[in-house]
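J.: There's a structure below that I have some questions on.
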There are 2 protein chains.
Amino acid sequence: MRCNVVAIGTELLLGQINDTNSSWLGEQLAAAGIESHLQLKVGDNLVRMEDAIAVALVDADAVIICGGLGPTHDDLTREAIASIMGTELVHDESVAGVIREMFARRGRVMSDNNLRQALVPAGAAVIAQTRGTAPGLVCPVGEKVIYAVPGVPHEMKDMFERAILPDLLARSGERAVIKSRVLRTWGESESRLNERLDDIIDELDRIGNPTLAFLASGWEGIKVRLTVKAPDSASASRTLDAWDRRVRAEIGDIVFGTDDDTMESVVLALLEQRSWTFGVAESVTGGLVGGRLTNVAGSSRVFRGGVISYASDVKFGVLGVTPGPVVSEGAAAEMAAGARRVLGCDVALALTGVAGPDEQDGRPAGTLCVAAAFPDGSTVTTTAMLPGVRDQMRQMSVITALDFLRKQLLGSHAAR
Amino acid sequence: MRCNVVAIGTELLLGQINDTNSSWLGEQLAAAGIESHLQLKVGDNLVRMEDAIAVALVDADAVIICGGLGPTHDDLTREAIASIMGTELVHDESVAGVIREMFARRGRVMSDNNLRQALVPAGAAVIAQTRGTAPGLVCPVGEKVIYAVPGVPHEMKDMFERAILPDLLARSGERAVIKSRVLRTWGESESRLNERLDDIIDELDRIGNPTLAFLASGWEGIKVRLTVKAPDSASASRTLDAWDRRVRAEIGDIVFGTDDDTMESVVLALLEQRSWTFGVAESVTGGLVGGRLTNVAGSSRVFRGGVISYASDVKFGVLGVTPGPVVSEGAAAEMAAGARRVLGCDVALALTGVAGPDEQDGRPAGTLCVAAAFPDGSTVTTTAMLPGVRDQMRQMSVITALDFLRKQLLGSHAAR
């Protein structure tokens, strides 16, 4: 089974919007074992759209078209598909009814233009709209099929998962459910992960299902994705559970979460299990740790606040750090203890380091000193050498420090 | 002149990497008045690469190929181009010499594979490599031309600016220099900007040079880009200066910077002009303001630090806010005054608000209260209603608050 992708929109060619839809679709198709050999971007021009769709269809069983389904005269995907199907556009009254209802519900007046979205190539089926006003289309072309979905990412993703992927799998003769699980890791390079999972990768290569892929995610670490095809959802989950256990047996020490977990959500959850409140003292990161923690909904149950002690005077005066060099584990420990005291929190995490490009206190750019202070008065510290300068070093510092705290919360400071 | 783009790499189709190169090229080409009608992504497969390049060339004068110039046997761009040119690959000893030198300088051993990068289609010219080991290629195909550049963005951009754009302009018969200037704006919608610049846009539409484009940049505001074609660099700059003045005469109140300026770099520069030190008190943003300020190199000359007073107790206990509701201009003012005192800085900016999804203190999600406190003891406050929830609202809060301070620093608190 092979499915190519065409993204429609002059704004994509002009670089005003980056086409992320086709990357997302490519990832989903690959996870489902469907090949995608060609992905195109073309502007809002009927002839060029027809040409591009035809090219995409030559060597594929299916094409997904994203965009060009809006209500204006620039939106020509319906016309292009009808022309390729050699058919006419017809008014679909049930689609029109849904659009009228959406406008009525929002108390807005519908212009006649919006009825363009109720035009459907004769012979095509409709993918019901649930969020926007444009429906999706399933358009047979001989033995092949063209799907059309809106360019708005969340509408596109909804229609892909709800209608297109099941249809593609049905057409490929597979009566299978596809499920993925992502294990989030931090702390190893991709090549080292590869080595540690060598035996499992060999075995999976031999049996072919599930598949295992590494997705490098920059300063968010490396994701290990298991994808399984199974006859039903329950057996898919059983297979994922079994391989999840085997993968964790090898690299469990660096797996910090699953699927939508982030390092900050995991750390907040561990603290909440202990009913511990939390605070930060940030120097090199200047507020990035607090900024990320507070982006987790519900973080206010755990996170009390922080002190951004960027200038040395603020470390000395507000946090009570002993005057002297400030890029050291000792200074970090005093920052963490000071943050606990000033903020009145149970646990505090402190970061001090050198973002570069220049060295500081005789420590090279990339140096990060971290300390965590706990309710029993104890403090643990570590030093890491991080790559990159400025933004990269600072972002890596955030996840490195949170991972250090995570390990403490699972280790000597674990919930009993 | 028309130039299409082909991005090479199976990892692009699998969604492991997002193709940002073709968007960037599309933007640059459009700014130079060169059309781009089709942009393709294709995997590392010789036949499919040849097909894709041929399709891209049909309706264009030029094609830029990104990627596939590495040293491994997966890197097939050289072979695909030679096949389309109907020619052979030949060893280029001067390219090989540069590669050998690069390895020698880094003290590494060069494998024979790396000499694949010294293969050049007979009849092609080389774009000298300066950063990576792969050179770029300029490959004539009849009256048309194929350019090949590495997929690494900074190498691609360097070769485009240095060699490809000048060559494209020469081929189009234009002996022109193209220059752009971006005016950064904050505080108006695109449609309102359009209205305010109506006369200028009409006039530019009529004369055609320079061009004016709006680039919506989400929570970074809207960029107004002027692009001029001129016979030489000096006259390009003169024309840009003249139109820059005319645009600012209409919308100068919302222009906060030029080109690479950011809201945070502009605010830090204004403070530094006054020799004022700076601090923040952040509630709703949880550290995002500090995080962005400290990403500006040299920010330590101005920025002392901050208090992340996320929990109300921290506002009361650390910053001395009067106990009571904390989403109000009064609370913001006390936070700013408290931050000046605690951090020992000249100027402090405070933010308190409701990121949502739920309301707080009877204030709806989207409410942002901002205060700025100055060395003369005065405090100014404002309230804004921002769209979006959580991340979007928080990011908008950062730039909204900094813009409020910027206007104070240019107005009643301006340098004398």
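Just so you know, all these numbers are worked out from the coordinates, no wet-lab data involved. From a predicted model like this one, the values you see are computed outputs, not experimental measurements. Cβ atoms come from the backbone with ideal geometry, glycine included; neighbour counts cover every protein chain shown.
J.: Only Cα pairs within less than 10 Å get springs; with that Gaussian network setup on chain A, which residue of A:243, A:186, A:24 has the largest fluctuation?
T.: Maximum among the listed residues: A:24.
J.: So, by mean Cβ neighbours within 10 angstrom, what's the order for B:97-107, B:112-122, B:333-343 with the highest one leading?
T.: B:333-343, B:112-122, B:97-107
J.: Next question. With respect to the axis carrying A onto B, what is the closest chain A residue by Cβ position, and how many angstrom separate it from the axis?
T.: A:287, 2
J.: Could you tell me the distance between the Cα centroids of the stretch A:256-318 and the stretch A:357-416, to the nearest Å?
T.: Centre-to-centre distance over Cα atoms comes out at 12 Å.
J.: So, R0 is 35 Å and r is the distance between the beta-carbons of residue A:1 and residue A:249; what FRET efficiency does that work out to, to 0.05?
T.: The computed FRET efficiency comes out at 0.55.
J.: Now, a different point. From zero outward in steps of 20 Å, how is the percent of C-alpha pairs of the protein assembly as shown spread across the bins?
T.: Percent of Cα pairs in each bin: 13, 40, 40, 7, 0.
J.: Compute the separation of the alpha-carbon centres of the stretch A:156-206 and the stretch A:85-128 and state it in Å as a whole number.
T.: Each part reduced to its Cα centre gives a spacing of 36 Å.
J.: Using 0.36 nm times the number of residues separating residue B:275 and residue B:47, minus their current alpha carbon distance, what extension gain do you get?
T.: Using 0.36 nm per residue and subtracting the Cα-Cα distance, I get 75.7 nm.
J.: With θ set to phi - 60° and the Karplus curve 6.51 cos²θ - 1.76 cosθ + 1.60, what are the ³J(HN,Hα) couplings of the stretch B:327-334 in order, to the nearest whole Hz, using x for Gly and Pro?
T.: 9, 7, 5, x, 5, 4, 4, 5
J.: Return the FRET efficiency for the residue pair residue A:128, residue A:90: r is the Cβ-Cβ distance, R0 is 30 Å, and the value is rounded to the nearest 0.05. Intermediate results must be reported in sequence, preceding the final value.
T.: On the way: r = 17 Å, r/R0 = 0.58.
The value I calculate is 0.95.
J.: Can I ask one more? Multiply the residue separation of residue A:234 and residue A:390 by 0.36 nm, subtract the distance between their alpha-carbon atoms, and state the gained length in nm to one decimal.
T.: Length gained between residue A:234 and residue A:390: 51.5 nm.
J.: What does the convex hull of the Cα atoms of the stretch B:178-220 come to per residue, in Å³, rounded to a whole number? All intermediate terms of the calculation are to be shown ahead of the outcome.
T.: Details: hull volume 3.2 nm³, N = 43.
With only Cα atoms used, the stretch B:178-220 gives 74 Å³ per residue.
J.: Which far-off residues, 5 or more places away or on another chain, put their amide H under 5 Å from the one on residue B:90, with H placed in the peptide plane?
T.: Close amide H contacts, sequence-distant or interchain: B:120, B:122.
J.: If you take every DSSP beta bridge whose two residues both sit in the protein assembly as shown, what share of them, in percent to the nearest 5, is antiparallel?
T.: 65 percent
J.: Would you calculate the separation in nanometres between label points at residue B:203 and residue B:242, each defined as 7 Å from the Cα along the Cα-to-beta-carbon direction?
T.: For residue B:203 paired with residue B:242, the spin-label model returns 1.0 nm.
J.: Something else now. Looking only at Cα atoms, what is the convex hull volume of the stretch A:230-279 per residue, in Å³?
T.: Enclosed volume per residue, from the Cα hull, is 104 Å³.
J.: List the distances, in nm to one decimal, from the label point of residue A:361 to the label points of the same position in every other copy, shortest first, placing each label point 7 Å from Cα along the Cα-to-Cβ direction.
T.: Distances between equivalent label points, in nm: 3.6.
J.: Then there's this: Kirkwood hydrodynamic radius, computed over distinct alpha-carbon pairs, for chain A: how many Å, to one decimal?
T.: The Cα-based Kirkwood calculation yields 24.8 Å.
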